[in-house]
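This report refers to the structure that appears directly beneath it.
The values are calculated or read from the model by the stated rules, or taken from the named source; none is laboratory data. What you are looking at is a predicted structure, and each value in this text was computed from that prediction instead of being measured. Glycine gets a Cβ as well: all are built from the backbone with ideal geometry, and neighbour counts include every protein chain shown.
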Amino acid sequence: MSKAVLSPPGSIVPLLGNEAIARGAIEAGLDVAAAYPGTPSTEIGETLAEAARELGFHFEWATNEKVASEVAIGAAWSGLRAMCFMKHVGVNVAADALFTLTYAGTIGGLVVVSADDPHAHSSQNEQDNRHYAVAMGLPMLEPSTPQEAKDLVYRAFDLSERYALPFLVRSTTRISHTRAPVRLGEIRERRGKGKFKPPEPDRYVQVGAIARKHHRELLEKLSRIERELASEFAEVRGGSGELGIITSGVAYTYVLEAARAMGLDVPILKLTMTNPLPAESIGEFLRGLKRVLIVEELDPYLEERVKAIAKDTAPDVEILGKAQGLLPRVGELNIKLVVGALSKVTGKPSPIDFGALEERAKPALELAVNRPPVMCPACPHRASGYAIRRAAGSAVYLNDIGCYALLFQRPFNLGDVTHAMGSGVGFANGISLATDQKTVALIGDSTFFHAGIPALINAVHHNRKFLLVVLDNRITAMTGHQPHPGVPVSAMGEEVPALDIEKVVRGLGVEHVQIVDPFDFKAAENAVREAMKHDGVSVVIMRRECALLTVRRLRREGVKIVPYRVDPDKCTYCRVCINTYACPAFVDTGKVVEIDPTVCFGCGSCVDVCPYGAIEPMEGSLDWRGEKIGV
């Protein structure tokens, strides 16, 4: 966490958008927050976890997003101010609770943050969660800068209590991960302990006629929100002429920069509340214009709704955007794309020669090494992949979401499917039922607790036959080492009970369970081969802590990290090490393989990979502190 988040009121400090979101919640008097880590939302939790220890509110990394939302909902129903947050696909997991929540409403303020990921920088899709707001009936606010992210989260808590509804704040990667100056405000006093007391007996009982009654109430609330908040969250930036622009979120900043670059003084309608849409404000903006360009990322969410509003309020206005191919439906926007769209609409040539800029950048770009994402040196998942591939051969491999998803790459090729959290185990149920093929599902320890257990229960109950390999590296590694139910510490650093995966698996009725260290190749391969013979579902737990945790611990203990080397006299340049193990510390010189001592973590797992015994500890080199090894 940036310590700047806890700077005094009135300070102007550089914050990530996610840190600004956390600060907005803190300023609003946050009592309880819960989440499951997922990029691009994770830093909100990292910030709150540290701030919670200092300020005394509660934060937890929950088992999954549904549980996180229910923790926050329970706190809000008890009169406290609560927040849950997640990446865009996390809303899919939380949706079951959130859809019905809008019928039930809240007492304490409740803010839900969805961090969407246009361009799928760290995600399996580009899902546009603005549609969720409409489907759920969640009022939605969209910031365009980190400052606005802080301010909107703060405001959302007040609005949530005013309308007895949760409010959704939608961020995107460029808001979440942009650092900008943010002016801080006063921190309200927290409420501490609440009391659960439903405002009326049937408020939280959503069945039949009661749910229908609450649905009508929700629609009335949304209509009231549209009427009362339109002027606050629909802002027209000056300008004149027959062309206008409607935009929201981070796209607004691109519009400002593009219009300035092109010397355009056109009216711009910035929508900060994008559900319910302020239809009257949009209608007023459309009148008197001939053409309106809609600038937004991903789906034509605003475009389609503005067209519907225009039909009744300004039928002669031409609505332009994605339908005409002016802007893409895939990936993020940028200045080049927005300038290109404005150039086509206005007929004015672009004042920026993007081609020339790209040519000027070419030499610098050519110096940058084009590297695919790889697992860290000493990553236990590499050893697990090596053993699984050798032992299981040409099976169907169902991967999951985590660092180990990278095992789909050569030389392991353990990824016929990578889909969603826990899906590998669920798919294994179906594929093992539908085919006679050997089937192997891979899942991490955190993902096992998140979404793997129900599918494993299903497999045991229906006597499916497949191997589940739990890659247990003792942490939620992919998002930055957040704790999960399998480790004995909470997000706030408290000691908590750790659930033993082996006991959980055996408790579910799995008869064949083995635990191995993936660095022990022989034991790991034998465990996989034996498990594959079992007539039913079998589980192999490959357990070794994340290499980054190991290195951090060794450095803290003052232990020397001894890198390894390849003896050039023994190396036959067979390249078996590179072709089967692919540690990023290996260097192919064209004559022999070498190990880069600045990259090697000294795990020694590669020693048994070499058929000629050419890999050995490096003596006389420098360790991570600059001291000579072997002296």
Taking first residues from region 480-491 that are in contact (Cβ under 8 Å) with a residue 60 or more places away in the chain and second residues anywhere that are among the β-branched types (Val, Ile, Thr) and outside any loop (DSSP other than H, G, I, E, B), the pairs with Cβ under 8 Å that are 6 or more apart or on different chains are GLY480/THR42; GLN482/THR42; GLN482/THR476; PRO483/THR476; PRO483/VAL489; HIS484/THR476
Taking ARG389, is it more than 24 Å from the chain's Cα centre (by Cα), more than 30 Å from PHE427 (Cβ to Cβ), part of a helix (DSSP H, G or I) and at pLDDT 90 or above?
no
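Condition check ((1) surrounded by 22 or more Cβ atoms within 10 Å (Cβ to Cβ); (2) of a type in the set (S, T, N, Q)) across all residues:
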| position | (1), (2) |
| --- | --- |
| PHE285 | yes, no |
| PRO300 | no, no |
| LYS307 | no, no |
| LEU320 | no, no |
| ARG329 | no, no |
| ASN334 | no, yes |
| LEU342 | yes, no |
Flagged in region 392-425 as closer than 18 Å to CYS546 by Cβ, in a helix (DSSP H, G or I) and of a type in the set (A, V, I, L, M), in numbering order, are ALA405, LEU406, LEU407
The number of residues in region 234-279 that are among the basic types (Lys, Arg) and buried (at least 19 other Cβ atoms within 10 Å of the Cβ) is 1
The correct count of residues that are more than 23 Å from GLY452 (Cα to Cα) and among the polar types (S, T, N, Q) in region 520-557 is 2
Tell me yes or no: at least one residue of region 209-226 is at pLDDT 95 or above, under 25 Å from ARG174 (Cα atoms), crowded, with 19+ Cβ neighbours inside 10 Å and not charged (D, E, K, R). no
Note on region 506-535: residues exposed (fewer than 15 other Cβ atoms within 10 Å of the Cβ), part of a loop (DSSP other than H, G, I, E, B) and either at pLDDT below 95 or more than 33 Å from the chain's Cα centre (by Cα) (or both) are GLU511, ASP535
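Does GLY415 count as within 23 Å of the chain's Cα centre (by Cα), at pLDDT below 95 and either buried (at least 24 other Cβ atoms within 10 Å of the Cβ) or closer than 20 Å to GLY393 by Cα (or both)?
Details: within 23 Å of the chain's Cα centre (by Cα): yes; at pLDDT below 95: yes; either buried (at least 24 other Cβ atoms within 10 Å of the Cβ) or closer than 20 Å to GLY393 by Cα (or both): yes.
Taking the combined requirement at face value, the residue satisfies it.
To keep it simple, each residue is scored yes or no on (1) within 19 Å of ARG130 (Cβ to Cβ); (2) of a type outside the set (Ser, Thr, Tyr); (3) in the same structural domain as GLU126 (by TED's automatic domain parsing).
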position: PHE167; (1), (2), (3): yes, yes, yes
position: ARG224; (1), (2), (3): no, yes, no
position: ILE246; (1), (2), (3): yes, yes, no
position: ALA251; (1), (2), (3): yes, yes, no
position: ILE268; (1), (2), (3): no, yes, no
position: PRO276; (1), (2), (3): yes, yes, no
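I'd like to know if region 137-150 contains one or more residues that are touching a residue at least 60 places away in the same chain (Cβ under 8 Å), in contact with a Gly (Cβ under 6 Å, 6 or more places away or on another chain) and of a type in the set (Lys, Arg).
Step one: filter region 137-150 for residues touching a residue at least 60 places away in the same chain (Cβ under 8 Å), giving 137-150.
If we keep only those that are in contact with a Gly (Cβ under 6 Å, 6 or more places away or on another chain) as well, we get 142, 144, 146, 149-150.
Next, only the ones that are of a type in the set (Lys, Arg) stay: 150.
Taking every residue of region 137-150 in turn, at least one turns out to be touching a residue at least 60 places away in the same chain (Cβ under 8 Å), in contact with a Gly (Cβ under 6 Å, 6 or more places away or on another chain) and of a type in the set (Lys, Arg).
Being within 29 Å of GLU257 (Cα to Cα) and either touching a strand residue (DSSP E or B) at 6+ places or on another chain (Cβ under 6 Å) or modelled with pLDDT under 95 (or both) is the requirement here; does VAL374 meet it?
Values: within 29 Å of GLU257 (Cα to Cα): no; either touching a strand residue (DSSP E or B) at 6+ places or on another chain (Cβ under 6 Å) or modelled with pLDDT under 95 (or both): yes.
For VAL374, the condition - within 29 Å of GLU257 (Cα to Cα) and either touching a strand residue (DSSP E or B) at 6+ places or on another chain (Cβ under 6 Å) or modelled with pLDDT under 95 (or both) - is not met.
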| Is it true that some residue in region 421-437 is acidic (Asp, Glu) and closer than 30 Å to GLN127 by Cα? | no
Taking region 537-563 and the residues there that are in contact with a strand residue (DSSP E or B) (Cβ under 7 Å, 6 or more places away or on another chain) and at pLDDT below 95, the one that is surrounded by the fewest Cβ atoms within 10 Å (Cβ to Cβ) would be VAL562
The strands (runs of 3 or more DSSP E) lying entirely within region 545-613 that contain at least 2 residues which are in the same structural domain as ARG410 (by TED's automatic domain parsing) and in contact (Cβ under 8 Å) with a residue 40 or more places away in the chain are none
Picking from ARG260, ARG291, ARG329, ARG237, the residue that is charged (D, E, K, R), within 22 Å of ILE175 (Cβ to Cβ), touching a strand residue (DSSP E or B) at 6+ places or on another chain (Cβ under 9 Å) and without any contact (Cβ under 8 Å) to a residue 60 or more places away in the chain would be ARG237
